[in-house]
Amino acid sequence: MVNVLHGLNDAQKKAVTHGRGPLLVLAGPGSGKTRVLTHRVAWLVASGLAAPERVLAVTFTRKAAEEIKERLAGLLGPEAAGRVWAGTFHSACLRVLREDGWRVGLRNFSVVDEEDREVLLKRVAERLDLSSGEAESAGKAVSFAKNCLVDPAEFPAWARDFSGSDLLSYRKEDVLSCGTRLAHRVYLAYQELLREANGLDFDDLLFEAVRLFRERPEVLEKWRRRWKWVLVDEYQDTNRAQYEWLKML
Ligand SMILES: Nc1ncnc2c1ncn2[C@@H]1O[C@H](COP(=O)(O)OP(=O)(O)O)[C@@H](O)[C@H]1O
Ligand SMILES: [Mg+2]
């Protein structure tokens, strides 16, 4: 216990040793928030409040997750640290979908990375006879819509009406610069190609994980029991899909 709190200032110690219930750490860049998150995981485990496999630590990048895991290994030992789940939203959702996606029809899917996504969008552009600029702009709109949990059928009405809370730091003109009709056609064609390839792109990982939890309450319940302690770094940057997924957990 001594070394888990070692090297923290008083405010950090207070946050790290907060017991059960929600806690929000709000502080400037470089002030030690990620360090608090890491030590809090270690403290929860070392104090006996949490079994390591009951902890989910969500980070914004893979690199940050690696750093947290490394630090945890130093604080808890490699065995306990290895049982904590630390990763990005995408890796956590992928984990859930690999295990339970079959319940909503997702079997042996492959993950379409950014490069593959470009290739698919090019094929959509050829099919629909679009310029590369139009395809790129529509691709952004599709990604944004997925992050707002909007499927192709809902897209036209959403694009007409959306504003405010879903936009975060985006501007509507930027998101839909190619026009709603074109973006909708691209969304439909792009999903068709993904289906043919049995692929999920990065945005789908979040979208489908939310759908799984919504449609299968018993699956949600299982993961709520598995991840009793959820810690999120850079919480202010979560998009709608990430927020909904977290809230359900
Ligand atoms: N109490 C502390 N004593 C010494 N170094 C600290 C302390 N808290 C944080 N640091 C260091 O300051 C740097 C920034 O911390 P970090 O947790 O990444 O901040 P944030 O996530 O808020 O941007 C890191 O190198 C971290 O190890
Ligand atoms: Mg940080």
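The values are calculated or read from the model by the stated rules, or taken from the named source; none is laboratory data. This is a predicted model, so every value here is computed, not measured. Methodologically, a virtual Cβ is constructed for each residue, glycine included, from the backbone with ideal geometry; neighbour enumeration extends over all protein chains shown. Accessible surface is based on the protein model in full, side chains and every heavy atom, while ligands, DNA and RNA are left aside. Shrake-Rupley method; radii C 1.70, N 1.55, O 1.52, S 1.80 Å.
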| Give me the pairs: first residue in the stretch 128-142 and under 11 Å from ALA183 (Cβ atoms), second residue among the β-branched types (Val, Ile, Thr) and surrounded by fewer than 22 Cβ atoms within 10 Å (Cβ to Cβ), beta-carbon distance under 8 Å, and six or more apart or on different chains, which are they? | LYS140/VAL175; ALA141/VAL175
| query | If you check every pair at least six apart or on different chains, which have Cβ atoms under 7 Å apart with a residue in the stretch 24-37 that is in the same structural domain as LEU75 (by TED's automatic domain parsing) first and a residue that is open to solvent by 50 Å² or more (accessible area, probe 1.4 Å) and charged (D, E, K, R) second? | reply | VAL25/LYS33; ALA27/LYS33
| note | Of the residues in the stretch 214-249, those that are within 11 Å of the chain's Cα centre (by Cα) and either part of a helix (DSSP H, G or I) or away from ligand 2 (no atom under 16 Å from the Cβ) (or both) come to TYR235, ASP237, ASN239, ARG240, ALA241, GLN242, TYR243, GLU244, TRP245, LEU246
| Any hit, the stretch 235-243, residues being farther than 19 Å from ALA145 by Cβ and assigned by TED's automatic domain parsing to the domain that holds TRP43 | yes
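Tell me which helices (runs of 4 or more DSSP H) are completely within the stretch 1-83 and hold 1 or more residues being more than 12 Å from ligand 2 (Cβ to nearest atom), of a type outside the set (A, V, I, L, M) and modelled with pLDDT of 95 or more, or say none if there are none. Can you show your working first?
Values: elements: 2-5, 10-16, 33-46, 62-76, 78-83.
Where helices (runs of 4 or more DSSP H) fall fully within the stretch 1-83 and carry at least 1 residues being more than 12 Å from ligand 2 (Cβ to nearest atom), of a type outside the set (A, V, I, L, M) and modelled with pLDDT of 95 or more, they are 10-16, 33-46, 62-76, 78-83.
Do you know which of the residues in the stretch 58-73 that are more than 13 Å from ligand 1 (Cβ to nearest atom) and of a type in the set (A, V, I, L, M, F, W, C) is surrounded by the fewest Cβ atoms within 10 Å (Cβ to Cβ)?
Kept after step one, since they are more than 13 Å from ligand 1 (Cβ to nearest atom), are these residues of the stretch 58-73: 58, 62, 65-66, 69, 72-73.
Checking the rest, the ones that are also of a type in the set (A, V, I, L, M, F, W, C) come to 58, 65, 72-73.
Numbers: VAL58: 27, ALA65: 20, LEU72: 25, ALA73: 15.
Here the answer is ALA73.
Is there a residue being away from ligand 2 (no atom under 16 Å from the Cβ), open to solvent by 60 Å² or more (accessible area, probe 1.4 Å) and among the polar types (S, T, N, Q) anywhere in the stretch 99-110?
First, pick out the residues of the stretch 99-110 that are away from ligand 2 (no atom under 16 Å from the Cβ): 99-110.
From what is left, the residues that are open to solvent by 60 Å² or more (accessible area, probe 1.4 Å) are 99, 102-103, 107-108.
If we keep only those that are among the polar types (S, T, N, Q) as well, we get 108.
Yes: one or more hits.
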| task | Would you please list the contacts, defined by Cβ atoms under 7 Å and residues six or more apart or on different chains, that run from a residue in the stretch 1-20 that is in the same structural domain as ILE68 (by TED's automatic domain parsing) and closer than 19 Å to ALA80 by Cβ to a residue that is charged (D, E, K, R) and within 16 Å of ligand 2 (Cβ to nearest atom)? | result | VAL16/ARG40
| task | Answer with yes or no whether ALA81 is touching a residue at least 40 places away in the same chain (Cβ under 8 Å) and open to solvent by less than 60 Å² (accessible area, probe 1.4 Å). | result | no
| message | Can you tell me how many residues within the stretch 195-210 are surrounded by fewer than 19 Cβ atoms within 10 Å (Cβ to Cβ) and touching a residue at least 12 places away in the same chain (Cβ under 8 Å)? | response | 3
| said: Looking only at residues that are under 23 Å from the mean Cα position of the chain (by Cα) and of a type in the set (Lys, Arg) in the stretch 18-52, which one is surrounded by the fewest Cβ atoms within 10 Å (Cβ to Cβ)? | reply: ARG35
